[in-house]
1. Hey, does region 43-53 have a residue that's part of a helix (DSSP H, G or I), touching a Phe, Trp or Tyr at 6+ places or on another chain (Cβ under 7 Å) and among the hydrophobic types (A, V, I, L, M, F, W, C)?
2. Going residue by residue through region 35-53, is there one that turns out to be more than 16 Å from ligand 2 (Cβ to nearest atom), touching a residue at least 40 places away in the same chain (Cβ under 8 Å) and aliphatic (A, V, I, L, M)?
3. If we keep just the residues of region 57-109 that are β-branched (Val, Ile, Thr) and under 22 Å from Gln18 (Cα atoms), which is nearest to ligand 1 (Cβ to nearest atom)?
4. For region 123-133, which residues satisfy the criterion of being touching a residue at least 24 places away in the same chain (Cβ under 8 Å) and over 30 Å from Pro213 (Cβ atoms)?
5. Under 8 Å between Cβ atoms, at least 6 apart or on separate chains: pull out the pairs that start in region 84-111 with a residue that is part of a helix (DSSP H, G or I) and end on any residue that is of a type in the set (D, E, K, R).
6. Taking region 1-54, which residues are surrounded by fewer than 20 Cβ atoms within 10 Å (Cβ to Cβ) and small (Gly, Ala, Ser)?
7. Restricting to region 177-216, what's the tally of residues that are of a type outside the set (S, T, N, Q), in a loop (DSSP other than H, G, I, E, B) and over 24 Å from Ala93 (Cβ atoms)?
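The values are calculated or read from the model by the stated rules, or taken from the named source; none is laboratory data. Owing to the predicted nature of the structure, the values given are computational and were not obtained by experimental measurement. Using ideal geometry, Cβ is built from the backbone for each residue, glycine included, and neighbour counts are taken over all protein chains shown.
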Amino acid sequence: MRLVLVGPPGAGKGTQAQFVASNLSIPKISTGDIFRANVSGGTELGKLAKEYMDRGDLVPDEVTIAMVRDRLAEKDAQDGFLLDGFPRNVPQAEILKKILAEFGAGLDLVLELVVDDEEVVRRLAGRRTCSQCGRIWHVDFDDKKDDVCDACNGKLYQRDDDKEETVRHRLEVYQEQTAPLVSFYADEGILVGVDATGPVEEVTRRAMEALSPYAG
Ligand code: AP5
Ligand code: MG
């Protein structure tokens, strides 16, 4: 299955991607995660991306697209993948279509995680990420009193772009540049909206239900 998760910052794309991708045995490809790995590795790509990410702006398309093209050419992505955070605007969506057509493939489905702005700010203010395995936690919803990952004992950190001011800007960028993808994919007939409020497991259940007519 070739899937895309779309939704505002904090909608739970990364959280749901880890469960949905594992349920479907496909790789989860998150452009945000790849950029952050480059930032912490101190690569040239990381240095460039950090400038944009810290402001809450999109990294330039040519850089992002080249990175995704390389990742999709890897062996584990040949029979399916779940993209989290890409595409992020209509030009990226158009190019993704072309890249997949080169492999003789296309997207099966785009899941839109639907949640309002206040919930997003609440979720991002308490987000913690594991520096070792990348698993996503929340200080209140997961009752995390320490800074240690329950899955691997790695140290948890708070993302630099989760300051309230930057979150508000990321939401504006989402409305301006990413939200148009909803009608883009609705026109293609492959968009399904999923209510992303309520407990994590409940959202995963809704997402799997939305996917079930297309899976297998
Ligand atoms: P990216 O990393 O993709 O950030 P984002 O889209 O802003 O999304 P987030 O990761 O903040 O939120 P999420 O939806 O994954 O939520 P999560 O599951 O963590 O991108 C970062 C930056 O990289 C961009 O700003 C840009 O600069 C650059 N970039 C990336 N892709 C790009 C592209 N294609 N083009 C150009 N630039 C690009 O959940 C959030 C919190 O809520 C967590 O604490 C979680 O535990 C909690 N939570 C989740 N679900 C629930 C629930 N149901 N109930 C309660 N809490 C929940
Ligand atoms: Mg994420």
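1. So far as region 43-53 goes, yes, one or more of its residues are part of a helix (DSSP H, G or I), touching a Phe, Trp or Tyr at 6+ places or on another chain (Cβ under 7 Å) and among the hydrophobic types (A, V, I, L, M, F, W, C).
2. Within region 35-53 (the criterion being more than 16 Å from ligand 2 (Cβ to nearest atom), touching a residue at least 40 places away in the same chain (Cβ under 8 Å) and aliphatic (A, V, I, L, M)), the answer is no, since none of the residues qualifies.
3. My answer is Thr64.
4. Residues satisfying the conditions are Leu124, Ala125, Arg127, Arg128, Thr129, Cys130, Ser131.
5. Between residues of region 84-111 that are part of a helix (DSSP H, G or I) and residues that are of a type in the set (D, E, K, R), the close pairs are Pro91/Asp61; Gln92/Asp61; Ile95/Asp61; Ile99/Arg69; Leu100/Arg2.
6. Ser22, Ser25, Gly32, Ala37, Ser40, Gly41, Gly42, Gly46
7. Of the residues in region 177-216, 3 are of a type outside the set (S, T, N, Q), in a loop (DSSP other than H, G, I, E, B) and over 24 Å from Ala93 (Cβ atoms).
So that you can scan it fast, the table gives a plain yes or no per residue for (1) within 15 Å of ligand 2 (Cβ to nearest atom); (2) modelled with pLDDT of 95 or more:
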| position | (1), (2) |
| --- | --- |
| Asp108 | no, yes |
| Leu113 | yes, yes |
| Asp116 | no, no |
| Arg122 | no, no |
| Gly126 | yes, no |
